[in-house]
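This report concerns only the one structure given below.
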Amino acid sequence: MRAPLALTMGDPAGIGGEIALKAWSERAARGTPCFLLLDDPDRVTALAHRIGIAAEARAIAAPGEAADAFAYVLPVLPIGMLPAVVPGRPEARHARAVIAAIDRGIDLVLAGAAAALVTNPIHKHNLHEAGFTHPGHTEYLAERTGLATAPVMMLACPELRVVPVTIHVGLAEALSALTSAAIVHCGRVTGAALRRDFGVAEPRLAVAALNPHAGEQGLMGCEEIELIAPAIAALRREGWSVSGPHPADTLFHTAARRAYDAAICMYHDQALIPLKTIDFERGVNVTLGLPFVRTSPDHGTAYDIAGSGRANPASLVAALKLAAEMAARRAGGASGERG
Amino acid sequence: MKPRLAFFVGDPNGVGPELSARLLASPGLRDRAEVTVFGDERLLPETARAGHAFETVPGLEQGALTPGKANALAGEWVIQGLTRAARAAHQGRADAIVFAPLNKQAMKLGGLAFPDEQHLFADLLEARGYTVEFNVIDRLWTSRVTSHIPLKDVAGAITTGGIVDAVRVIHESLRRRGVAAPRIAVVALNPHAGEGGTMGREEIEVIGPAVERAKVEGMDARGPFPADTVFIAAKRGDFDAVVTMYHDQGQIAMKLMGFDRGVTVLGGLPVPICTCAHGTAYEIVGRNAANPVPLSNALDLALRMAAAKSVQ
């Protein structure tokens, strides 16, 4: 039997618990794949009562029990008791459990006891006091797994995959951080992931320009000539199928999207505007370049609606489904080689 | 009284004339507007001219007609056509102007003394204030504070005063369109709207103060909002207008949301001037394959703006 997905609790004051409960209780209608939740089972059951979801969270002793339990209860692998949680009110004393859930998830997936890691949203400021000084999950996972090269963030929905080369920095800083080497690295990691995890045998990458109208031959910016075109040439020399630099405003409509499997974008909003405009609910954050599959919903802790029962589980369900598909392809690819 | 419309057929070598022919022949147009067509008889069949006033724009020589190709003579003629339409409005003979697609390269070759048609119109109509181009899809209007400049120059080019000007012009144009109290979203520059200054400070130092100042002037401005979700809210109907900081910030979303219906409005000018959002589409000229909806939407919007203005 295939191992379950491991879902971390995220910030317990956010909406992670609620969307996990909804993903489980609506599993038939939504087609949610089997997962276990790394959390405190008592607090999850109490949360279900509070927001009126007919769901029971039950502690399991080992990940192998999740598959059988999933049909009847939400399987929770306990990571210790949580101090009382008030939805919408993040507290530093929860930090230890939040980090423990991530650590346990990494251990499970590295050991093969979980098929993939799916993480609920955290709020990094609340984790600082507990010694978590990383900008986010991605950097923490990279360090824990001893990665030599930086992981790459992809955002995916059924219609579009985008990979921002620069991420959570101001626009001015993003522009100075943009290099040919960074674009090449993103292209390489994305191409390899498309092949291995997304079932795209011959990946086609489209690289977005930075400036309006792709700079119009240097009239409106030189990065296309100086940074982006050389990066495209370098990727082509490595054998990748790459087009661009494309003007960003015409890269994302339906006809244009048919010409590529992923778009490499130069800055955060260039990737996120099309993704959210095309599919606001089902965007998934995928970390490429890790030794295992990791996805997460494409939203934050949403403290403002935590505990109200109004959180939408669509992005988490999409993250669970994509993680299951990617993990199955990796496993299938391995067995195919054996056959 | 029917609004009086000056209509120019656009670049003679693009899809403008064929789109104009269909639009001008459409049933009911003659009941809705008093149209004066600026063009050349060779470009429009009799069915398109019937029932409208027609003014020949002189100087369309045979050498100007190179379908599918930009041409200096055609560009010169286009400048003539726009000038005559603008003059009609300036002299009080037209309440609004609509033109079919132009070609910037042809106009440049033809000796255009301005960066684009926006500036040409501003000069001809003696508009001294801030002018800007709006992109309109259905009921949603957008404008941008900076346009055709390198992205790295954007942060240095946005100022509190410039943003307030942009908000004011779109506010006034929407009022002219008939929206009594336009709800205007102002977009952030940085990801997550800077997240409290941790990812850029322009929201705190430049954009936020502009929103506050616009409010003090009595406008319903809000923001700064993160760029990746503001258009979702706008599409849902939360806003009448979105003011963006740079070209692609607005264009990516707008082209996804309805490029096939998009209208461009030249704002800050004394008469409503509208055109379709697309260009001359040289690659499909002569096949009657161009989508007629955007130009038709441009005409509808111009007539509505002209009508709302005459009521005021």
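The values are calculated or read from the model by the stated rules, or taken from the named source; none is laboratory data. Predicted model, so just to flag it, every value in this text is computed and none were measured. Please note: Cβ atoms are built from the backbone with ideal geometry, for glycine as well, and neighbour counts cover all protein chains shown. Quick note on the areas: whole protein, heavy atoms, side chains included, nothing else; ligands and nucleic acids left out. Shrake-Rupley method; radii C 1.70, N 1.55, O 1.52, S 1.80 Å.
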I'm told A:P83 meets every condition in (1) modelled with pLDDT of 95 or more; (2) touching a His at 6+ places or on another chain (Cβ under 9 Å) except one. Can you identify the failing condition by its number?
(1)
Scan region B:240-263 and tell me whether some residue there is open to solvent by 20 Å² or more (accessible area, probe 1.4 Å), within 19 Å of the chain's Cα centre (by Cα) and modelled with pLDDT of 95 or more.
yes
Cβ-Cβ below 7 Å, separation at least six or inter-chain, first residue in region B:22-43 and farther than 22 Å from B:G92 by Cα and not assigned by TED's automatic domain parsing to the domain that holds B:P12, second open to solvent by less than 30 Å² (accessible area, probe 1.4 Å) and of a type in the set (D, E, K, R): which pairs?
none
Residue list for region B:271-311, filter: open to solvent by less than 20 Å² (accessible area, probe 1.4 Å) and either in a loop (DSSP other than H, G, I, E, B) or of a type in the set (D, E, K, R) (or both)
B:V271, B:P272, B:T280, B:A290
Please determine whether any residue of region A:224-247 is open to solvent by less than 20 Å² (accessible area, probe 1.4 Å) and either in a loop (DSSP other than H, G, I, E, B) or assigned by TED's automatic domain parsing to the domain that holds A:A29 (or both).
no
Regarding B:G129, is this residue surrounded by fewer than 24 Cβ atoms within 10 Å (Cβ to Cβ), part of a loop (DSSP other than H, G, I, E, B) and either touching a residue at least 60 places away in the same chain (Cβ under 8 Å) or within 14 Å of chain A (Cβ to nearest Cβ) (or both)?
yes
Which residue out of A:G187, A:G170 is open to solvent by less than 10 Å² (accessible area, probe 1.4 Å) and modelled with pLDDT of 95 or more?
A:G187
List the pairs whose first member sits in region B:196-224 and is within 14 Å of chain A (Cβ to nearest Cβ), whose second member is polar (S, T, N, Q), and whose Cβ atoms are under 6 Å apart, counting only residues at least 6 apart or on separate chains?
B:M199/B:N190; B:G200/B:N190; B:V206/B:T160
Scanning region A:194-215 for residues that are assigned to a loop (DSSP other than H, G, I, E, B) and within 14 Å of another protein chain (Cβ to nearest Cβ), the one surrounded by the most Cβ atoms within 10 Å (Cβ to Cβ) turns out to be A:N211
So for region A:137-155 (the condition being among the β-branched types (V, I, T), open to solvent by less than 10 Å² (accessible area, probe 1.4 Å) and within 24 Å of A:S315 (Cα to Cα)), does at least one residue qualify?
yes
Condition check for A:G289: within 14 Å of chain B (Cβ to nearest Cβ) and under 17 Å from the mean Cα position of the chain (by Cα)
no
For region B:1-22 the number of residues that are under 14 Å from B:L299 (Cβ atoms) and either among the small types (G, A, S) or within 18 Å of the chain's Cα centre (by Cα) (or both) is 10
Quick check, is A:A97 in contact (Cβ under 8 Å) with a residue 24 or more places away in the chain and crowded, with 18+ Cβ neighbours inside 10 Å?
yes
Filter region A:252-271 down to the residues that are crowded, with 24+ Cβ neighbours inside 10 Å and facing chain B (nearest Cβ under 7 Å), then identify the one that is nearest to B:A227 (Cα to Cα).
A:D269
Within region B:143-156, tally of residues that are of a type in the set (A, V, I, L, M, F, W, C), more than 19 Å from A:V169 (Cα to Cα) and either facing chain A (nearest Cβ under 7 Å) or more than 22 Å from the chain's Cα centre (by Cα) (or both)
1
Yes/no for A:R43 being open to solvent by 30 Å² or more (accessible area, probe 1.4 Å), in contact with a strand residue (DSSP E or B) (Cβ under 8 Å, 6 or more places away or on another chain), over 28 Å from A:L290 (Cβ atoms) and in the same structural domain as A:A306 (by TED's automatic domain parsing)
no
All-but-one check, B:D300 against (1) more than 14 Å from chain A (Cβ to nearest Cβ); (2) free of Cβ contacts under 8 Å to residues at least 24 places away in the same chain; (3) under 24 Å from B:A185 (Cα atoms), failing number (3)
Against the condition crowded, with 19+ Cβ neighbours inside 10 Å, farther than 24 Å from A:A148 by Cβ and outside the structural domain of A:G136 (by TED's automatic domain parsing), how does A:G218 come out, does it pass?
no
Let me spell it out: the conditions are (1) buried (at least 19 other Cβ atoms within 10 Å of the Cβ); (2) in contact (Cβ under 8 Å) with a residue 40 or more places away in the chain; (3) more than 18 Å from A:A114 (Cα to Cα), and A:S296 meets all of them except one. Which number is the exception?
(3)
Considering residues of region B:136-174 that are of a type in the set (S, T, N, Q) and either part of a helix (DSSP H, G or I) or open to solvent by 20 Å² or more (accessible area, probe 1.4 Å) (or both) only, the residue modelled with the lowest pLDDT:
B:S147
Starting from region B:143-154, keep only residues that are more than 22 Å from A:A177 (Cα to Cα), then list their pairs with residues that are open to solvent by 30 Å² or more (accessible area, probe 1.4 Å) and assigned to a helix (DSSP H, G or I) whose Cβ atoms are within a distance under 9 Å, requiring at least 6 positions of separation or different chains.
B:V145/B:A157; B:V145/B:D165; B:T146/B:D153; B:T146/B:A157; B:H148/A:H213
For residues in region A:216-248 being in contact with a Leu (Cβ under 9 Å, 6 or more places away or on another chain) and modelled with pLDDT under 95, which is farthest from the other protein chains (Cβ to nearest Cβ)?
A:M220
Name, by its number, the condition in (1) open to solvent by 10 Å² or more (accessible area, probe 1.4 Å); (2) under 28 Å from A:H123 (Cα atoms); (3) among the hydroxyl-bearing types (S, T, Y) that does not hold for A:T287.
(1)
State yes or no: is A:V163 of a type in the set (V, I, T), within 21 Å of the chain's Cα centre (by Cα) and in a strand (DSSP E or B)?
yes
